[in-house]
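Since every read-out is calculated from the coordinates, none of them should be taken as a lab result. Since the structure is predicted, the reported quantities are computational estimates derived from the model, not experimental observations. Here Cβ is always computed from backbone atoms with ideal geometry, including for glycine, and neighbour counts include all displayed protein chains.
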Amino acid sequence: MKTTTVPDLDFSIHNAEEDEEDVVDLAANSLLNKLLRQSLVESSHKVEVLQKDPKSPLYSVKTFEELRLKEELLKGIYAMGFNRPSKIQEMALPMMLAHPPQNLIAQSQSGTGKTAAFVLAMLSRVNALDLFPQCLCLAPTYELALQTGRVVEQMGRFCVDVQVMYAVRGNPIPRSTDLTKQIIIGTPGTVLHWFFKRKLFDLTKIRVFVLDEADVMIDTQGFSDQSIRIQRALSPGCQMLLFSATFEDSVWQFAERIIPDPNVIKLRREELTLDNIRQYYVLCEEPKDKYHALCNIYGGITIGQAIIFCQTRKSAKWLTVAMIQDGHQVALLSGELTVDQRACILQSFRDGKEKVLITTNVCARGIDVKQVTIVVNFDLPVNQLEEPDYETYLHRIGRTGRFGKKGLAFNMIEVNKLPLLMKIQDHFNSSIKQLDPEDLDEIE
Ligand code: ADP
């Protein structure tokens with residue numbers, strides 16, 4: 001076993017007030033997922049459908065041909081490598097492409113094919129010969145708008161003459177310009193500005209209105225109200241579509257306010273579970289012992305790939321420096337990095353270039369690195385009241401039941417934090433065994 005010296009660093013950081021915690025930034029995580037996504041996310045659940053008119057027949061499609069799309073659009077879909085509709089697309093596409101147009105609220109986790117579905121709907125309803133905006137898609141950030149725009153460009157690559165324009169801050173439009181591009185993707189504030197203040201385009205001519213990432217949208221101050229103002233200016237015949245990766249009550253309330261007479265489609269995500277995770281804790285007298293304990297199990301954890309979670313940026317940075325000084329190859333991912341930098345680090349970790357990733361809560365949710373089988377809580381997740389943060393614990397450690405490989409979780413616990421760990425154990429009704437860091441044979 002490797003013996004280590006603790007670098008001469010300040011352990012008092014754990015109490016320092018300026019020691020910043022990373023808040024989960026939904027828009028950044030969503031973008032990160034898009035940048036890293038390589039393929040569709042599967043789900044073992046059935047798609048739930050709630051039709052606005054339960055008596056009308058329910059169509060689903062197994063092939064893109066059945067949708068009777070324009071030739072050039074079908075070509076674009078196949079050129080993207082799509083062979084058949086995803087689970088959510090099977091149900092959503094016939095509704096979205098129906099005549100007369102139907103409104104839709106759809107919820108399914110990120111990566112299940114929502115963007116591709118509404119891009120297809122926009123492209124199939126656009127008339128390239130009409131030189132004015134006909135489709136409007138609201139996104140929570142410039143970067144997310146850009147990602148959607150890329151999909152429009154890819155899927156619409158054979159739809160010559162169909163063009164996209166971004167209504168985002170920093171995209172100046174000269175005075176008295178008439179917008180001639182057919183698809184506008186933008187953030188609510190700029191779209192409002194372009195329409196109400198600058199009168200650059202006519203919202204009543206929009207045929208398809210998409211509100212993407214509704215859960216991220218309502219998380220941003222002012223965006224719900226702005227979106228509703230935009231929606232109210234649309235014509236009654238405009239098709240309205242809303243998408244969300246999650247569906248808390250707040251999203252649902254917003255969705256029902258903004259989308260009249262909707263059909264609803266839901267695809268439940270795979271549940272996170274601790275069932276196939278063996279959980280351990282190492283009791284430490286004081287903070288610096290946590291480092292010793294970690295180094296002692298280090299050989300064990302680097303058999304696979306591991307993520308080490310710290311509560312604050314400073315703690316994560318400190319640990320990274322200490323481990324590098326000790327000769328370990330680790331990567332650091334924390335909230336001060338740009339999304340592009342984060343994507344780069346995560347990609348390198350995914351590619352196996354580092355065995356260990358040290359991070360904060362910035363990485364606890366929504367970002368899947370499937371091959372990680374070992375998680376270390378260098379700091380236990382707690383909320384502002386210093387109570388255990390159960391949700392975050394589950395997100396850090398839990399795996400989806402269906403795809404769950406077996407996993408290992410280690411908690412480095414200072415003596416005074418032990419009651420918190422016991423609460424976590426009770427909450428999940430799953431056992432967390434004590435481990436002697438000098439004797440790893442205890443790990444079954
Ligand atoms: P979401 O909007 O739900 O996050 P996306 O539409 O971005 O999902 O799709 C996730 C990934 O799956 C993307 O890489 C996309 O290109 C791909 N994809 C979408 N639909 C299909 C399909 N029918 N067949 C194969 N890949 C698909």
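Counting charges near residue 406 (Lys, Arg +1; Asp, Glu -1) among other residues having Cβ under 9 Å from its Cβ returns a value of +3. Taking a ≥ b ≥ c as the square roots of the Cα gyration tensor eigenvalues, with a/c under 1.5 meaning rounded and otherwise prolate when a/b beats b/c, else oblate, which class fits the chain? Taking the square roots of the gyration eigenvalues as a ≥ b ≥ c, the chain is prolate.
Take the Cα of residue 248, step 7 Å toward its Cβ, do the same at residue 129, and the gap between the two points is 4.9 nm. When both bridge partners sit in the chain, DSSP labels roughly 15% of those beta bridges antiparallel. Couplings 3J(HN,Hα) of region 90-104, computed from phi: 3, 8, 6, 4, x, 5, 5, 9, 5, 10, x, x, 10, 7, 8 Hz, in residue order, whole Hz [Karplus 6.51 cos²θ - 1.76 cosθ + 1.60, θ = phi - 60°; x for Gly and Pro].
Projecting the Cα atoms of 102, 127, 79 onto the charge dipole of the chain, computed from C-beta unit charges around the Cα centre, puts 127 farthest toward the positive end. Taking amide H atoms as placed 1.01 Å from N in the peptide plane, the amide H of residue 374 lies under 5 Å from those of 305, 307, 408, each 5 or more residues away in sequence or on another chain. Whole-Hz Karplus values for region 415-421 come out as 3, 5, 9, 4, x, 5, 5 Hz, taken residue by residue from phi with 6.51 cos²θ - 1.76 cosθ + 1.60 and θ = phi - 60°; glycine and proline positions read x.
Using θ = phi - 60° in the Karplus curve 6.51 cos²θ - 1.76 cosθ + 1.60, the 3J(HN,Hα) couplings for region 182-191 round to 7, 10, 10, 10, x, 8, x, x, 6, 4 Hz; x is entered for Gly and Pro. Helical runs (DSSP H, four residues minimum) scored at -39500 (n - 2.57) apiece and divided by the length of the chain put the mean residue ellipticity at 222 nm at -9500 deg cm²/dmol. What residue among 215, 389, 249 has the largest mean-square fluctuation in a Gaussian network model of the chain, using Cα springs under 10 Å? The residue with the greatest mean-square fluctuation here is 249. Calculate how steeply helix 249-258 sits against the longest principal axis of the alpha-carbon atoms of the chain, using the helix alpha-carbon long axis, and give the answer as 0 to 90 degrees to the nearest 10. Helix 249-258 and the main axis of the chain meet at about 10 degrees. Backbone amide hydrogens, once placed in the peptide plane, bring residue 399 within less than 5 Å of 273, excluding anything fewer than 5 places away on its chain. Helix 114-125 axis versus longest C-alpha principal axis of the chain: approximately 10°, rounded to the nearest ten.
Residues whose amide H comes within less than 5 Å of that of residue 182, counting only those at least five positions distant or on another chain, are 163 (H built at 1.01 Å from N in the peptide plane).
Mean-square fluctuations from a GNM of the chain, with a 10 angstrom spring cutoff on Cα atoms, peak among 101, 85, 236 at 236. Segment residue 60..residue 48, full-extension length gain: 3.1 nm, with 0.36 nm per residue of separation and the alpha-carbon distance subtracted. Of 272, 333, 120, the residue with the greatest mean-square motion in the GNM of the chain, using alpha carbon springs below 10 Å, is 272. In terms of distances greater than 18 angstrom between alpha carbons, the cross-link table entries 266/406; 406/433; 114/266; 114/370; 46/87; 34/370 yield 266/406; 114/370.
Against the longest alpha carbon principal axis of the chain, how many degrees, from 0 to 90 and to the nearest 10, is the axis of helix 339-350 turned? So the helix axis and the longest Cα principal axis differ by about 60 degrees.
Round to the nearest 0.05 the FRET efficiency obtained for residue 271 and residue 386 when R0 = 30 Å and r is the Cβ-Cβ distance. Provide the component values of the computation, followed by the final result.
On the way: r = 28 Å, r/R0 = 0.93.
Efficiency for this residue pair is about 0.60.
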